[in-house]
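Notes follow once the structure below has been shown.
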Amino acid sequence: MNKPMASNISTSLIISTYNRSDALELCVKSVLRQSLLPDEIIIADDGSKEDTGELIHQLAASSEVPIIHVWHEDLGFRLASIRNKAIAKASKEYIIQIDGDIVLHKDFVKDHVRFAKRGSFVTGSRVLIREDLTKKMLAEKNCIISIHDKGTKNTINGVHLPWLSPLLQHYRQWDVSYSRGCNMAFWKEDLLKVNGYNEAITGWGSEDHELVCRLINNGVRKRTIKFAGIVFHLHHELHGTDNLNNNRSILNETKVRKLTWCDKGIIQN
């Protein structure tokens, strides 16, 4: 079994999901084969049907890591809200955040723990998995993948050379848009100081960039993890973008006014 290595950092791994239990199963399987396991796994469920809850129950029964299911009613795309609920539930000091259609490199958690530094948060990259390979992996329930497999894109993002990572940590440091919610890590205390995600942002888009902007405005440095913290993103159809203009307006206001706090976050009056 993959016992956690000695570390002064305790970790909560938050996985967001919505009605894609087959992908979530691969994701959690890839978590449970990590060279360094997280201390807890929290599934942030944006209102999935019963099959997702049943899967999580089955996975939790055989996992040496606690798996916690955080769910709310399906009232549309409310990723910011369910992530806030998961952040509030997290009992560990360092939060690593991924999506439920992500398959992890075996050293993903270890890389993030090694890279963690006070006063900063981390954003990573992803390798894209084409539709045909995604279907094959889901059918076979196979979470083992490499950049050499036919059907992967952006494969430079899957090269594992962690000794190079510190040299590239300032890559696009001030670019708010260069951040992906499917591969990020934060100190929980830093998230609480800015009140987490802005739940005024609903529908697809901008919730991760707006959070990043407030963290930077509050003095938390953005660091990029390259050649480590590797994830593979299963193919999916694009989400609807009906609210994208409104979400971008909220993001722009955060930039212009240099906001650090959102009223509709983890704490709401």
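Structural remarks
- Of all residues making up the range 67-86, the number that are in contact with a helix residue (DSSP H, G or I) (Cβ under 8 Å, 6 or more places away or on another chain), crowded, with 17+ Cβ neighbours inside 10 Å and more than 15 Å from Cys182 (Cα to Cα): 5
- The set of residues in the range 42-66 that are crowded, with 22+ Cβ neighbours inside 10 Å and not in a helix (DSSP H, G or I) comprises Ile42, Ile43, Ala44, Asp45, Asp46.
- Residues of the range 132-169 that are in a loop (DSSP other than H, G, I, E, B) and of a type in the set (D, E, K, R): Lys141, Asp149, Lys150.
Conditions tested, residue by residue: (1) modelled with pLDDT under 95; (2) under 19 Å from Thr11 (Cβ atoms); (3) touching a Cys at 6+ places or on another chain (Cβ under 7 Å); (4) loosely packed, with under 14 Cβ neighbours inside 10 Å.
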position: Val109; (1), (2), (3), (4): no, yes, no, no
position: Arg126; (1), (2), (3), (4): no, no, yes, no
position: Ala139; (1), (2), (3), (4): no, no, no, yes
position: Gly151; (1), (2), (3), (4): no, no, no, no
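- Whichever residue in the range 11-29 is within 14 Å of the chain's Cα centre (by Cα) and within 19 Å of Ala61 (Cβ to Cβ) and, among such residues, is surrounded by the most Cβ atoms within 10 Å (Cβ to Cβ): Leu13
- Per the conditions (1) exposed (fewer than 14 other Cβ atoms within 10 Å of the Cβ); (2) at pLDDT below 95, the sole criterion not satisfied by Ile144 is (2).
- Answer residue from the range 93-113, given it is closer than 22 Å to His148 by Cβ and either acidic (Asp, Glu) or assigned to a loop (DSSP other than H, G, I, E, B) (or both) and is nearest to the chain's Cα centre (by Cα) among those: Asp101
- Taken together, Lys264, Lys255, Lys222 contain a single residue that is surrounded by 14 or more Cβ atoms within 10 Å (Cβ to Cβ), of a type in the set (D, E, K, R) and assigned to a loop (DSSP other than H, G, I, E, B), which is Lys264.
The values are calculated or read from the model by the stated rules, or taken from the named source; none is laboratory data. As the structure is a prediction and not an experimental result, all values here were calculated from the model. So basically every Cβ, Gly included, is an ideal-geometry build from the backbone, and we count neighbours across all protein chains shown.
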